[in-house]
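The block underneath contains the structure these notes are about, expressed in structure tokens.
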Amino acid sequence: MILAPDIPTERASYLANELPRTVEVSSSSQFDLDVPIEAELDQRHFAFGEYFLILERYPTIAYYRRTYELEIRGWNVRLPWQRGGEISREIIRKFLFLLRKAERKELSKHEEREWEEISRQADYRRFCVEHAPAIFTEGRLLAATPADLEIEWHDGTKEVVPRSVAKSLELLNPGESFTALANFGEGNKLVSISQVAPAPSAEVIDGETLWRSWPSNRS
Amino acid sequence: MRKYKRPPIVERAFSVGVQIDEELFHRRIEEWKDLLQKSFPEMETITEWQIKVTQKDGMPSFDQNHQRMSLKHRFWKGGQSNRDKGIQVWRDRVAFNLVGGPANPRHYEELEEFSHDWLPRWADHFEVKTLRGITLEYVNFISFQTVPKFASENKIDLKNILNFFSNLPGPGKTLIPPYNFEINLGITETPPMRFSAHLQNIESQPGSTLALRLDFKATTEGLGRKISLDEVKNELRLAHDLILQEFEAYFTVQARDSFGPYDSGT
């Protein structure tokens, strides 16, 4: 067994990171303080509250030593270095504000250019699918196993979902129909479901049956 | 094994290395924060930088290809002024920290119980089944406060504290600051372990007390190594025992006598 030569040292100790330490670098010239230090952030998935955004590549963060500011390159976002832990919030916030403005066609010329760049960096389609509002839907519970529930949607498609995703459907017995508000993710798979209510079976509300049973002057 | 009433240990940190899918980790971290909110109310996300400085055309420069930054999530039980028990989370590591101070070394059993409570919850939340191994770190302070018999406010008699320096080779025999010493050892047992000892100055304000830090670290982490959660307790105990053995070997008899030894069987 080869022990990893690159296991980071002094990472887990709190005091090791809190106590000041200096590493001297000798040079015949001075550092140019106007040139920011750029580093690649080692994550491209960002979560804040209910929002989750995936970038196509790892973002670059610039640190300006004269102003003690961080900049998320290509996002036109700057923040004091003490707020570096809020990078996820700032990225999602910027994306969401521009997205909503773009949807309302309220982007200024400058914001249009920003949005063009940012929407290219982010997985825009996935964000929209995941954060689309819940839609009204109808279906029928076909079967229930200890792990999964089988559903037939109103258009006849069938889907097996884990119980954890559709807990409230456990109120129904197999064969019973329901209406609900549902969120669908990639591949039109059910992501969450709420406001489940028992409904008459599809046969009962079948349009043809309803038409024939509709009262008329001849009846 | 002897125990000590006043060992110079000021922090005990236990961590495990792991590989978690990037998307899964970031999707779950917000819920993890919610889970810890009640028990560890002081939460912060901070940046960590790995900076590499090179020389280019006679100028020190930061090579853009080698600079890395990451976000670390820390959760503390106490407030800003009382950070004595905390959990730190990275995508590839979780650490459990017990921070004490002079005359407050905390205890291994406390660390074991702490991790026993929270490691399974962390593993369950992030769907962790295997680990790269474990790492245990003890931070010792060597100063007027922890070894008063051998140190004054501006002088530390290191030769009488650490065996390593009691018989220096060569004509020079007087150790003077700055102190910086590191040694890494491979322990070929089962599981294979690596032990390191690192002595360094603690930078302080001009006029304040001279102090050194001696870190002991034992790790079973290795490239390609996989252990289950059930194996953690045993490896943690082995790492602790190794550090205790090295502690006995590194500190002189006189120094250890000053830590208030007692028989752990009594």
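The values are calculated or read from the model by the stated rules, or taken from the named source; none is laboratory data. Here the structure is a predicted model, which is why all the values come from computation and not from measurement. Quick reminder, even Gly has a Cβ in these numbers, built from the backbone with ideal geometry, and neighbours come from all protein chains shown.
Points to keep in mind about this one:
- Residue list for the stretch B:8-65, filter: at the interface with chain A (Cβ under 10 Å from one of its Cβ atoms) and among the small types (Gly, Ala, Ser): B:13, B:15, B:17, B:58, B:61
- One residue stands out in the stretch B:97-112 among those that are part of a strand (DSSP E or B) and within 11 Å of chain A (Cβ to nearest Cβ): the one that is modelled with the lowest pLDDT, namely B:101.
- Residues within the stretch A:99-118 that are crowded, with 16+ Cβ neighbours inside 10 Å and within 11 Å of residue A:75 (Cα to Cα), tallied: 4
- Selection status of residue B:154, assigned to a loop (DSSP other than H, G, I, E, B) and either aromatic (Phe, Trp, Tyr) or assigned by TED's automatic domain parsing to the domain that holds residue B:127 (or both): yes
- Failed item in (1) closer than 18 Å to residue B:10 by Cα; (2) acidic (Asp, Glu); (3) free of Cβ contacts under 8 Å to residues at least 40 places away in the same chain; (4) in a helix (DSSP H, G or I), with residue B:203 passing the rest: (4)
- The lone exception for residue B:71 - which of (1) closer than 30 Å to residue B:140 by Cβ; (2) within 7 Å of chain A (Cβ to nearest Cβ); (3) not in a strand (DSSP E or B) it fails: (3)
- The selection criterion, being under 30 Å from residue B:245 (Cα atoms), within 12 Å of chain A (Cβ to nearest Cβ) and at pLDDT 95 or above, holds for residue B:94.
- Positions within the stretch A:110-125 being in a helix (DSSP H, G or I) and touching a helix residue (DSSP H, G or I) at 6+ places or on another chain (Cβ under 7 Å), in sequence order: A:111, A:114, A:115, A:118
- Scanning the stretch A:62-112 for residues that are among the aromatic types (Phe, Trp, Tyr), over 22 Å from residue B:61 (Cβ atoms) and within 11 Å of chain B (Cβ to nearest Cβ) returns no hits.
- Members of the stretch B:20-67 that are among the polar types (S, T, N, Q) and under 21 Å from residue A:72 (Cβ atoms): B:45, B:47, B:50, B:64, B:65, B:67
- Subset tally (residues that are closer than 27 Å to residue B:152 by Cβ and either of a type in the set (S, T, N, Q) or facing chain A (nearest Cβ under 10 Å) (or both)) for the stretch B:180-237: 14
- If you go through the stretch B:218-252 and keep only what is in a strand (DSSP E or B) and over 19 Å from residue B:102 (Cα atoms), you end up with B:218, B:219, B:227, B:228.
- Qualifying residue in the stretch B:254-265 (condition: over 14 Å from residue B:108 (Cβ atoms), part of a helix (DSSP H, G or I) and aromatic (Phe, Trp, Tyr)): no
- When the criteria are applied in full, residue B:255 meets the requirement of being of a type in the set (A, V, I, L, M), closer than 26 Å to residue B:101 by Cβ and buried (at least 18 other Cβ atoms within 10 Å of the Cβ).
- Members of the stretch B:153-185 found to be under 18 Å from the mean Cα position of the chain (by Cα), loosely packed, with under 13 Cβ neighbours inside 10 Å and more than 17 Å from residue B:248 (Cα to Cα), listed by number: B:180, B:182
- Condition check for residue B:78: more than 9 Å from chain A (Cβ to nearest Cβ), not in a helix (DSSP H, G or I) and not charged (D, E, K, R): yes
- Listed by first and then second residue, the pairs with beta-carbon distance under 8 Å, at least 6 apart or on different chains, first residue in the stretch A:129-157 and in contact (Cβ under 8 Å) with a residue 24 or more places away in the chain and surrounded by fewer than 16 Cβ atoms within 10 Å (Cβ to Cβ), second assigned to a loop (DSSP other than H, G, I, E, B) and among the acidic types (Asp, Glu), are A:131/A:50.
- Subset of the stretch A:35-59 [at the interface with another protein chain (Cβ under 8 Å from one of its Cβ atoms), acidic (Asp, Glu) and either assigned to a strand (DSSP E or B) or touching a helix residue (DSSP H, G or I) at 6+ places or on another chain (Cβ under 8 Å) (or both)]: A:38, A:40
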